[in-house]
Amino acid sequence: MKMEMRWQFAVLAAACMMLVVAEAAFSPAGETGYQQRRPIVHRTTTVHRHAGPAPTELKGLSQKVYQFTQKVDHFDPLNGKTYQQKYIVTDDNYVPGGPIFLFLGGEAPVEFFDFQTVLPRSLTKQFGALYIALEHRFYGVSMPAPDYSTASLALLSSRQALADAANFLVSFNKTLTNPGPWVVWGCSYSGALSAWFRAKYPNLVVGSVAPSGPVYASLNFTQYYSVFSTAASPQCVETVKRATAMLMAKLSTADGRKELTKTFDACQEISASPQEHYYFLLTLTEAIGGSDQFQNPPAWPLNTTCNTMMQSGDLLANWAQVVNQANGPKAPNACNDFNEETSYLKPLRQPTSSDRSWLFQQCTEFGFFMPTYPGTSVFPLMDLEHQVKWCQNVFGVSGMTPNTEGTNAYYGGYDLRGSNILFTNGDADPWHTLSITKDLPAPAGVRAVTYAAGHCAPLAQPTSQDPVSLQHARVVVANFIASLVQP
């Protein structure tokens with residue numbers, strides 16, 4: 001079973017006479033069976049893990065899909081080509097002249113972010129706002145090129161995405177008789193986009209809400225797995241530490257490898273070659289070490305993972321159960337494919353694979369590779385160089401390495417220069433280490449609030465289990481919006 005993000009949501013008809021769109025630019029959009037071998041696609045290629053609860057409080061709000069005729073390349077004046085960029089409108093509470101909330105899509109089809117847009121859409125009633133979600137190029141159906149080949153992906157970058165949003169905003173404003181102030185939103189990568197948009201296009205929006213936005217590009221993102229040691233209970237951390245020691249001891253002997261092959265339902269007997277252990281170790285590490293990212297109510301996946309790891313004295317059997325929980329149900333008698341070439345790299349080389357998009361952005365702009373070294377986490381050692389080589393291996397560019405220094409120089413990294421930007425971050429979320437968690441000193445107008453949960457939690461559906469700090473974060477966001485759009 002391939003671990004992909006496949007969330008569906010219904011698109012309902014919207015009725016608002018103020019949204020008379022210009023025909024030239026805006027137009028309405030119009031595993032079966034069982035496999036013995038189960039490929040595993042790692043979440044290291046995306047910053048998302050769980051969709052979370054359905055946004056029940058948004059029932060009754062209408063949504064309508066449109067397409068915008070967008071420029072293919074904003075930085076080549078000789079390129080007049082265009083493509084159709086998808087966007088979604090919710091206008092039930094819109095009052096002409098009211099604010100416009102623009103949610104920037106990230107590294108998935110725009111529908112995926114439905115669970116992360118509860119707060120901005122619910123706030124449309126309080127502020128009489130119009131809500132728009134704009135799909136990111138090369139994710140979903142918004143394709144500036146016919147495929148995901150390396151040559152086509154040259155058009156994929158955060159700078160192109162920001163220019164897309166700017167062009168869309170200016171064009172959309174021309175369709176309104178009384179456009180109000182725009183506030184840009186995002187979450188995770190698109191949270192970073194939101195902050196960068198306000199910093200780079202301050203004339204177009206009055207402010208930005210940037211939950212869990214990793215604005216610092218990091219090649220060597222060891223914090224991703226190190227945060228587990230502070231987010232999980234001491235008992236769980238110690239259990240995983242002992243399990244890791246057991247795992248590595250068994251990998252060192254022939255009998256131990258046979259036992260691991262059986263315990264983890266591996267399709268092929270685990271090799272004696274340490275180099276071929278990498279993908280196996282990565283799969284096991286991500287199953288536990290990635291569970292803190294979405295440590296949000298009501299699912300609390302980190303708690304579930306720790307409970308499973310500590311449920312019996314057979315720690316490796318517990319770990320195998322965690323792997324199966326993380327990767328989802330598998331068909332009867334199916335095995336887990338821990339072969340890096342067949343399960344991961346070969347599918348990614350296909351120019352028709354949409355999974356190439358985010359890896360390409362990692363390999364060109366952001367890094368976000370997640371190695372482990374002694375002292376950085378309780379997990380097995382996984383060196384950075386192995387992951388960086390994926391870039392050359394997948395995209396066929398010799399020596400391909402992300403230009404993280406250039407990205408941080410262009411956007412500012414931790415020293416983001418901008419005004420009216422609000423970050424929200426969860427203490428359990430590893431991505432908060434690449435975000436801004438404290439107000440930046442004057443004259444910067446960058447604010448931050450933290451809470452005791454995980455990734456993008458303030459934007460999601462409120463629950464009865466929300467910590468007080470998470471409830472407070474939502475209030476801070478609402479007050480921040482009020483300060484931007486109300487006299």
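The values are calculated or read from the model by the stated rules, or taken from the named source; none is laboratory data. Quantities reported herein were computed from a predicted structural model and do not represent experimental measurements. Glycine also receives a Cβ, built like all others from the backbone with ideal geometry; neighbour counts cover every protein chain displayed.
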Q: Please verify whether segment 99-113 includes one or more residues that are of a type in the set (D, E) and part of a loop (DSSP other than H, G, I, E, B).
A: yes
Q: Scan segment 124-131 and give yes if some residue there is within 26 Å of the chain's Cα centre (by Cα), within 21 Å of N167 (Cβ to Cβ) and not hydrophobic (A, V, I, L, M, F, W, C), otherwise no.
A: yes
Q) If you go through segment 239-255 one residue at a time, do you hit one that is buried (at least 23 other Cβ atoms within 10 Å of the Cβ), within 30 Å of the chain's Cα centre (by Cα) and not in a helix (DSSP H, G or I)? A) no
Q.
Which pairs turn up if I take residues in segment 456-482 that are closer than 18 Å to D114 by Cα and look for partners that are in a loop (DSSP other than H, G, I, E, B) and polar (S, T, N, Q) with beta carbon separation below 7 Å, at least 6 apart in sequence or on another chain?
A. C456/S188; C456/S212; A457/N296; L459/T117; A460/N296
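Counting just the residues of segment 434-444 that are closer than 14 Å to G191 by Cα and out of contact with any Pro (no Cβ under 8 Å at 6 or more places or on another chain), which one comes out surrounded by the most Cβ atoms within 10 Å (Cβ to Cβ)?
Taking segment 434-444 and keeping what is closer than 14 Å to G191 by Cα, we get 434-437.
Next, from what is left, pick out any that are out of contact with any Pro (no Cβ under 8 Å at 6 or more places or on another chain): 436-437.
Numbers: I436: 26, T437: 15.
Within segment 434-444, the match that is surrounded by the most Cβ atoms within 10 Å (Cβ to Cβ) is I436.
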Q) Can you find even one residue in segment 297-305 that is over 17 Å from the mean Cα position of the chain (by Cα), closer than 29 Å to E269 by Cβ, modelled with pLDDT of 95 or more and buried (at least 17 other Cβ atoms within 10 Å of the Cβ)? A) yes
Q) Filter segment 411-433 for residues that are of a type in the set (S, T, Y) and under 17 Å from S190 (Cα atoms); which is surrounded by the most Cβ atoms within 10 Å (Cβ to Cβ)? A) T424
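If you check Y279 against the conditions, is it at negative phi and either part of a helix (DSSP H, G or I) or over 23 Å from the mean Cα position of the chain (by Cα) (or both)? Before you say what the answer is, go through the steps one by one.
Values: at negative phi: yes; either part of a helix (DSSP H, G or I) or over 23 Å from the mean Cα position of the chain (by Cα) (or both): yes.
It is true that Y279 is at negative phi and either part of a helix (DSSP H, G or I) or over 23 Å from the mean Cα position of the chain (by Cα) (or both).
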Q) In segment 226-238, is there at least one residue being closer than 15 Å to M370 by Cα, touching a helix residue (DSSP H, G or I) at 6+ places or on another chain (Cβ under 6 Å) and assigned to a strand (DSSP E or B)? A) no
Q: Tell me, yes or no, whether segment 132-146 has at least one residue that is among the acidic types (D, E), in contact with a Lys or Arg (Cβ under 8 Å, 6 or more places away or on another chain) and within 18 Å of T82 (Cβ to Cβ).
A: yes
